[in-house]
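Right, I'll just put the structure down here and ask away after.
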Ligand SMILES: [Zn+2]
């Protein structure tokens, strides 16, 4: 019912209970409100048309159905097509470990209510987590970001680990709010790394052994953010 979600920039689910999920054509419903063969068909179509779960509440069972319907690598990791998770709500753990994102992946405004695991994933296109909220810990260890990586205005209530991640294009962490530790140990950034913490957070950043190849790397922080929190060891 679009009238309940005038702010949603997509056509919303017509299930009749005010669902904010993006309505998939020709079903008129979001992925959460499809089942049986319609759910399978919608996921199959996503492999070529892209996965659209904008505004969808994604329980672990739905995430499993999505992964089961997508292709997998020989070692069993999911291959995600161009994907739009904008404003999606993950109600349980979100396990994208070792996933390959073949196109742009947008998680803008997404909310992870439990841990978010992206360890060893590969983003072949841009990865946009602008304004995302991570209530549990976030694991991005050893992720290969081959496109731009955008985490501007993301909120991490737990720890966020990007250890040994590789950023091939620009990496942006502008205005991020961190309550635990934002660990960028041993990351390798080819181009610009912009890091600016919001003063709202109480956490710290660890850039130990970071390899910052770009001459235009920037470390910025808000005026009242105490520099001593930025621990950099070699
Ligand atoms: Zn729905």
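Have a look at the DSSP beta bridges in the chain and tell me what percent are antiparallel, nearest 5.
Around 5 percent antiparallel, to the nearest 5.
Give me the Kirkwood hydrodynamic radius of the chain, using the inverse of the mean 1/r over all pairs of distinct Cα atoms, in Å to one decimal.
18.2
If you don't mind, there's one more thing I want to ask. Quick one: grab the alpha carbon gyration tensor of the stretch 1-51, order the square roots of its eigenvalues as a ≥ b ≥ c, and give me rounded if a/c is under 1.5, else prolate or oblate depending on whether a/b is larger than b/c.
Here the stretch 1-51 falls in the oblate category.
Any idea how far apart residue 73 and residue 200 come out in nm if each label point goes 7 Å out from Cα toward Cβ?
3.5
When a/c is below 1.5 the answer is rounded, else prolate if a/b is larger than b/c, else oblate, so apply that to the stretch 115-176 with a ≥ b ≥ c taken from the square roots of the Cα gyration tensor eigenvalues.
Because a/c hits 1.5 or more and a/b fails to exceed b/c, the stretch 115-176 counts as oblate.
How high is the relative contact order of the stretch 74-206, in percent, counting Cα pairs under 8 Å that sit 6 or more residues apart?
After rounding, I find 16 percent.
With each run of n ≥ 4 DSSP H residues scored as -39500 (n - 2.57), what mean residue ellipticity at 222 nm is computed for the chain after dividing by its residue count and rounding to the nearest 500 deg cm²/dmol?
Roughly -3000 deg cm²/dmol at 222 nm, from the helical runs in the chain.
Once you have the Cα-Cα distance between residue 144 and residue 25, take 0.36 nm times their residue separation minus that, and quote the gain in nm to one decimal.
Gain in length upon complete extension: 39.6 nm.
Follow-up question, since we're still on this one. So between residue 169 and residue 97, what do we pick up on full extension, going 0.36 nm a residue minus the alpha carbon distance?
23.8 nm
Can you put 198, 211 in order of Cβ neighbours within 10 angstrom, beginning with the fewest?
The fewest-first ordering by Cβ neighbours comes to 211, 198.
Evaluate E = 1/(1 + (r/R0)^6) for residue 61 and residue 14, where r is the Cβ-Cβ distance and R0 equals 35 Å; express this FRET efficiency to the nearest 0.05.
It comes out at approximately 0.95.
What number, in percent, do you get for the relative contact order of the stretch 1-75 if the mean sequence gap of Cα pairs under 8 Å and at least 6 apart is divided by its residue count?
23 percent.
Highest mean first, what order results for 148-158, 42-52 on Cβ atoms within 10 Å?
Result, highest mean Cβ count within 10 Å first: 148-158, 42-52.
Continuing with the same structure: State the Cα centre-to-centre distance between the stretch 6-49 and the stretch 164-180 in whole Å.
About 31 Å separates the Cα centre of the stretch 6-49 from the one of the stretch 164-180.
Considering Cα pairs under 8 angstrom that are at least six residues apart, work out the relative contact order of the chain and quote it in whole percent.
With pairs under 8 Å counted, the relative contact order is 9 percent.
What FRET efficiency, computed as 1/(1 + (r/R0)^6) with R0 = 35 Å and r the Cβ-Cβ distance, is obtained for residue 190 and residue 35, rounded to the nearest 0.05?
With R0 = 35 Å, the Cβ-Cβ based efficiency is 0.20.
Each value in this text was obtained by applying a stated rule to the coordinates, not by laboratory testing. Everything quoted here is computed from the prediction, not taken from an experiment. Here the Cβ is made from the backbone with ideal geometry for all residues, glycine too, and neighbour counts use every protein chain on show.
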